[in-house]
Amino acid sequence: MIKNPSHSLFSKEYWDSYEKIVGRTIGRGTTWFIKLSKTQAVLRHYNRGGLVGKLIKDLYFFSSWEKTRVYQELQLLKKLTNLGLNVPRPFAARVIKRGFFLYQADLLCERIVDAKNLGQILKHKPITENVYQNIGAEIAKLHNEQVNHSDLNIYNILLDDKGEIWLIDFDKCNIKSKNKNNNWKKNNLSRLKRSFIKETNKSNIYWRKEDFLSIMKGYNNTYNCNKFF
C-alpha cells in the first residue's frame, strides 16, 4: 500500500510524462498498465456498464467513504493479500466527490505480469486437467473466506507462466456472513460455467463440459465443508 498517495498517481498523463505506460486494455474504459521499479501496476477508472453507463458514465451515489465501491474493493484485496490468496496487491485508491451526492473513483493495484486470462489461452489451445483442478482450488480458497466473487468468469481468472492461478476484478464483491445459506457459492460456480459455455458457442474455445468436472474436483478437495456436487 502507498501511504499518502498524491492525485497525480491516478493520472495517465503523469505516468506518460515519465514514459512508464507499457500497455493498456479497453473495456468499459481504458485500463493502463504502468511500469514500477519492481513490478507493474494497473490503473483503472471506475466506469458504469449497461444502459446506465450510457447515461451516467462514471458517477456513483455517495453516502460515505466506507461504502464507495473503490474503498470496498481496496479493503477486500488488502484482506485477501494478507491471507496469502492469489489476488492483485492493492496500492492506492482515490475518490473524488462531485457535489454532495456523487463521486468518481480510481484504483491502482498490482498487475499480474506474464499472465493471460483463460479466454485468451483457450482460444489457442486446451489446458490440462491439473490446471482446471488448480482453478477450482483457488475458487474454494476464496469461498473458504466467505468471499462472494459476483463476476466470476473466464476473463477474471489468470494463468501465469509459472502455472499459478490468479483471480482478479473484485469490484462489487463482498464478504458474506457465515450464518447465511451458501447459495451464492453455487451461483458463483454456475456463472463461471455459463461463461465457458458462452465463449465456446461464441469463439469455439478449446473447452469441453467434462472440463468443469475437473474444476469441481479441485474445488471439492479444497473446500472446507460438504461438497456441492
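Mind checking which residues of region 169-214 are under 18 Å from the mean Cα position of the chain (by Cα) and under 28 Å from residue 125 (Cα atoms)?
Matches in region 169-214: 169, 170, 187, 188, 189, 190, 191, 192, 193, 194, 195, 196.
Each row is one residue, and each column tells you yes or no for (1) closer than 17 Å to residue 168 by Cα; (2) crowded, with 18+ Cβ neighbours inside 10 Å.
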{"position": "11", "(1), (2)": "no, no"}
{"position": "14", "(1), (2)": "no, no"}
{"position": "18", "(1), (2)": "no, no"}
{"position": "22", "(1), (2)": "no, no"}
{"position": "25", "(1), (2)": "yes, no"}
{"position": "47", "(1), (2)": "yes, no"}
{"position": "101", "(1), (2)": "no, no"}
{"position": "110", "(1), (2)": "yes, yes"}
{"position": "113", "(1), (2)": "yes, no"}
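Could you list, in sequence order, the residues of region 157-209 that are surrounded by 14 or more Cβ atoms within 10 Å (Cβ to Cβ) and on the phi > 0 side of the Ramachandran plot?
Selection gives 169 alone.
(1) touching a residue at least 12 places away in the same chain (Cβ under 8 Å); (2) over 26 Å from residue 71 (Cα atoms); (3) aliphatic (A, V, I, L, M): which one isn't true of residue 213, the others all being true?
(1)
What number of residues within region 138-150 satisfy the criterion of being part of a helix (DSSP H, G or I) and surrounded by fewer than 19 Cβ atoms within 10 Å (Cβ to Cβ)?
1
Any residue in region 1-30 that is free of Cβ contacts under 8 Å to residues at least 24 places away in the same chain sitting within a Cβ distance under 6 Å of a residue that is charged (D, E, K, R) and not in a helix (DSSP H, G or I)? List the pairs, counting only those 6 or more apart or interchain.
What qualifies is 20/35; 22/35; 30/24.
Where a number appears in this text, it was derived from the coordinates with a stated rule and is not lab data. All values derive from a computational prediction rather than experimental measurement. A quick note on method: Cβ atoms are made from the backbone with ideal geometry, for glycine too, and the neighbour counts reach across all protein chains shown.
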